[in-house]
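Everything below concerns the one structure shown next.
The values are calculated or read from the model by the stated rules, or taken from the named source; none is laboratory data. Just so it is clear, the structure is predicted and the values come from calculations on it, not from any experiment. We place every Cβ from the backbone using ideal geometry, glycine too, and count neighbours over all the protein chains shown.
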Amino acid sequence: MAYQRYDYEVIASWIQPGERVLDLGCGDGSLLKYLGDVRQVRGYGVENEPDRMLASIRNGINVLQLDLEQGLAGIEDNAFDHVIMSLSLQAIHNTQGILAEMLRVGHEAVVSFPNFAYWRHRQSIINGRMPVSESLPHQWFNTPNVRFFTIADFEALCADEGIAIREGLAFDEGKVVVDEPNFMASVALYRLGRDR
Amino acid sequence: MNTAASVGVVSPSRARFDAPLALRCGRTLPGFELVYETYGQLNADRSNAVLVCHALSGSHHLAGTYADQPDNPGWWDNLIGPGKPLDTNRFFVIGVNNLGGCYGSSGPQSVNPATGKPWGADFPFVTVEDWVDSQARLADHLGIERFAAVVGGSLGGMQAMNWAIQYPDRIAHAVVIASAPRLTAQNIAFNEVARQAILKDPDFHGGHYYEHGVVPARGLSQARMVGHITYLSDDSMDEKFGRRLRHGKPIYSYDVEFEVESYLRYQGEKFPGYFDANTYLLTTKALDYYDPAAGHGGDLTKALSVASADFLVVSFSTDWRFSPGRSKEIVNALVHSDKRVSYAEIDCHAGHDSFLLDDPLYHGVLRAYFDNIAG
């Protein structure tokens with residue numbers, strides 16, 4: 001499982017009961033199921049990979065098989081309270097496009113991603129090998145990831161794009177990292193809004 | 001793992017409805033009959049009924065075979081049966097021949113009580129809405145207050161969608177496959193070519209050909225050929241026939257040369273043997289008229305806002321008759337009206353006809369969805 005419980009709990013803490021949410025790259029729908037249980041959210045998952053879409057249907061999740069690279073055309077502005085993308089941003093080519101789409105159809109966006117600048121990843125590179133870890137579980141030749149970025153990179157992009165970082169948390173193997181997150185954290189989570 | 005089997009030998013039933021049915025065209029049918037088939041058992045609380053609506057040339061014969069026609073399985077036999085995705089061990093499945101049809105329900109071939117002769121072209125125009133009304137009468141007749149699901153592909157999907165609009169309290173799930181919220185000008189244009197072929201056939205006799213002992217076979221054949229072109233994808237036609245020549249080389253003749261000609265002629269020529277031209281005309285018009293958003297200023301979201309059913313919408317990547325984009329219009333309208341909906345876009349090469357095939361992902365999606373309905 002790519003999803004960690006701490007990821008779920010943080011996301012749930014940012015969501016009000018009964019909200020309308022959209023979960024991009026919803027996998028088997030377990031996050032939506034969790035948010036349905038603890039926050040009574042209504043909403044949809046988006047999953048383009050056939051087996052995961054099927055798993056979501058099996059789990060009774062409302063899932064829409066759409067290609068996120070095409071954006072969210074057809075979904076109205078502000079249709080959702082929160083648009084979530086948990087550990088999928090690094091697997092999408094159109095990074096700026098999808099962030100803009102998330103903040104178009106949602107009042108806020110919630111994004112989590114693996115931090116490529118995590119110290120274990122840096123150590124791996126220093127030793128001459130691409131990192132393989134809990135947050136980056138694939139080998140270089142079979143990874144679904146197409147964008148390789150760090151916490152510092154992401155925050156710089158947000159500043160450039162006029163995306164407001166409303167809240168951010170960083171983790172190392174489930175524990176919150178306060179000091180030097182770009183070095184010490186393997187995963188980062190953000191609650192984002194529109195600045196302009 | 002389920003072992004899937006056939007429902008076996010089946011036989012149709014007939015229900016007579018004596019109360020008049022007011023139709024959208026403004027006319028009223030004094031009474032009517034519907035021919036239907038059922039598979040599986042209605043459970044004690046009558047909560048496991050699934051209505052399957054047919055498309056342009058379909059019928060009530062969904063699954064199994066007739067005792068005297070062992071080689072003629074129902075048109076959705078790969079989906080419906082014990083252990084199949086629509087599992088008749090769990091669901092009571094109903095197929096009905098639509099009003100205006102040619103498989104035994106009241107239609108152009110039945111006798112007009114006012115004249116004592118077949119209705120022919122005088123049979124009133126029927127719409128998707130009228131079909132749904134008539135199917136609701138059948139549900140009453142069978143003691144079904146609320147369907148667990150209404151399912152259909154293509155024109156059948158339009159009926160499933162309209163069930164959710166017309167009778168929101170009587171349908172728990174709508175399964176809308178390879179369908180569209182309304183036809184495009186191009187869709188209507190293909191239907192018009194088909195209709196003109198029938199209407200211009202000298203054997204049509206203004207729709208009263210039964211009295212002349214003929215059928216407009218040439219026109220109906222041509223209509224079917226046009227239809228078949230739109231059911232397949234460019235790729236699947238290329239794969240099936242390519243440019244293969246029957247004689248291996250050009251013979252400079254209008255006889256069958258290319259294999260695709262052979263296929264179309266075969267499909268065209270056998271069609272009048274089992275389908276009625278007046279029914280074809282009526283059904284293509286029902287397709288053309290279908291537009292649930294029309295009464296809501298073109299706003300499909302508003303049209304669907306009354307629905308309380310859960311929806312499953314399925315499209316096929318190579319379907320250009322009702323492309324995935326058309327299904328997404330339905331999905332977007334459902335999302336905007338805050339309905340429960342799942343959407344699967346199946347990568348299948350066979351074009352519009354894909355909905356009749358047993359692609360593993362497609363059937364997997366339907367199986368998973370129906371499993372959840374059965375609980």
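Taking the listed residues B:PRO73, B:PRO20, B:PRO12, B:PRO82, the one that is in contact with an Asp or Glu (Cβ under 7 Å, 6 or more places away or on another chain), modelled with pLDDT of 95 or more and either among the aromatic types (Phe, Trp, Tyr) or surrounded by fewer than 21 Cβ atoms within 10 Å (Cβ to Cβ) (or both) is B:PRO12, with no other qualifying.
For every residue, the table says whether it meets (1) of a type in the set (D, E, K, R); (2) surrounded by fewer than 21 Cβ atoms within 10 Å (Cβ to Cβ).
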| site | (1), (2) |
| --- | --- |
| B:ASP235 | yes, yes |
| B:GLU239 | yes, yes |
| B:GLY242 | no, yes |
| B:TYR254 | no, yes |
| B:GLU259 | yes, yes |
| B:TYR274 | no, yes |
| B:ALA277 | no, no |
| B:LEU312 | no, no |
| B:SER315 | no, no |
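Here B:ALA350 meets each of (1) at pLDDT 95 or above; (2) more than 13 Å from chain A (Cβ to nearest Cβ); (3) more than 30 Å from B:GLY207 (Cβ to Cβ) with one exception, condition (1). Going through region B:315-341 one residue at a time, which ones are under 13 Å from B:LYS302 (Cα atoms) and among the polar types (S, T, N, Q)? B:ASN332, B:SER337 - these are the residues of region B:315-341 that are under 13 Å from B:LYS302 (Cα atoms) and among the polar types (S, T, N, Q). Scanning region A:22-73 for residues that are of a type in the set (D, E, K, R) and over 20 Å from A:ILE92 (Cβ atoms) gives A:LYS33, A:ASP37, A:ARG39, A:ARG42, A:ARG58.
Of the listed requirements (1) at the interface with chain A (Cβ under 7 Å from one of its Cβ atoms); (2) within 18 Å of B:ALA160 (Cα to Cα), B:GLY364 misses just one: (2). Go through region A:53-90 and give me each residue that's more than 10 Å from chain B (Cβ to nearest Cβ), among the charged types (D, E, K, R) and more than 25 Å from A:GLU9 (Cβ to Cβ). Once the filter is applied, which keeps residues that are more than 10 Å from chain B (Cβ to nearest Cβ), among the charged types (D, E, K, R) and more than 25 Å from A:GLU9 (Cβ to Cβ), region A:53-90 yields A:GLU69, A:ASP77.
Whether a residue is of a type in the set (S, T, N, Q), out of contact with any helix residue (DSSP H, G or I) (no Cβ under 6 Å at 6 or more places or on another chain) and away from chain A (no Cβ under 14 Å) was assessed, and B:SER317 does not pass this test.
Quick test for you: out of A:PHE154, A:PHE148, A:PHE141, pick the one residue that is of a type in the set (Phe, Trp, Tyr) and surrounded by 16 or more Cβ atoms within 10 Å (Cβ to Cβ). The match here is A:PHE154.
Here are some conditions: (1) touching a helix residue (DSSP H, G or I) at 6+ places or on another chain (Cβ under 8 Å); (2) surrounded by fewer than 21 Cβ atoms within 10 Å (Cβ to Cβ); (3) closer than 19 Å to B:THR230 by Cβ; (4) away from every other protein chain (no Cβ under 14 Å). B:LEU356 meets all but one. Which one does it not meet? Of (1) touching a helix residue (DSSP H, G or I) at 6+ places or on another chain (Cβ under 8 Å); (2) surrounded by fewer than 21 Cβ atoms within 10 Å (Cβ to Cβ); (3) closer than 19 Å to B:THR230 by Cβ; (4) away from every other protein chain (no Cβ under 14 Å), only one is false for B:LEU356: (1).
Among the residues of region B:329-347, which ones are within 16 Å of B:ASP310 (Cα to Cα), in a helix (DSSP H, G or I) and either within 10 Å of chain A (Cβ to nearest Cβ) or of a type in the set (S, T, N, Q) (or both)? Before you say what the answer is, go through the steps one by one.
Within region B:329-347, the first condition is being within 16 Å of B:ASP310 (Cα to Cα), and the residues that meet it are B:330-344.
When the remaining residues are screened for being in a helix (DSSP H, G or I), the result is B:330-336.
Residues satisfying the conditions are B:VAL331, B:ASN332, B:ALA333, B:LEU334, B:VAL335, B:HIS336.
Out of B:SER315, B:SER354, one residue alone is in a strand (DSSP E or B), of a type outside the set (Val, Ile, Thr) and under 30 Å from B:ARG243 (Cα atoms). It is B:SER315.
Taking the criterion of being hydroxyl-bearing (Ser, Thr, Tyr), within 14 Å of another protein chain (Cβ to nearest Cβ), crowded, with 22+ Cβ neighbours inside 10 Å and in contact with a Leu (Cβ under 6 Å, 6 or more places away or on another chain), would at least one residue in region B:282-294 satisfy it? Checked region B:282-294: no residue is hydroxyl-bearing (Ser, Thr, Tyr), within 14 Å of another protein chain (Cβ to nearest Cβ), crowded, with 22+ Cβ neighbours inside 10 Å and in contact with a Leu (Cβ under 6 Å, 6 or more places away or on another chain).
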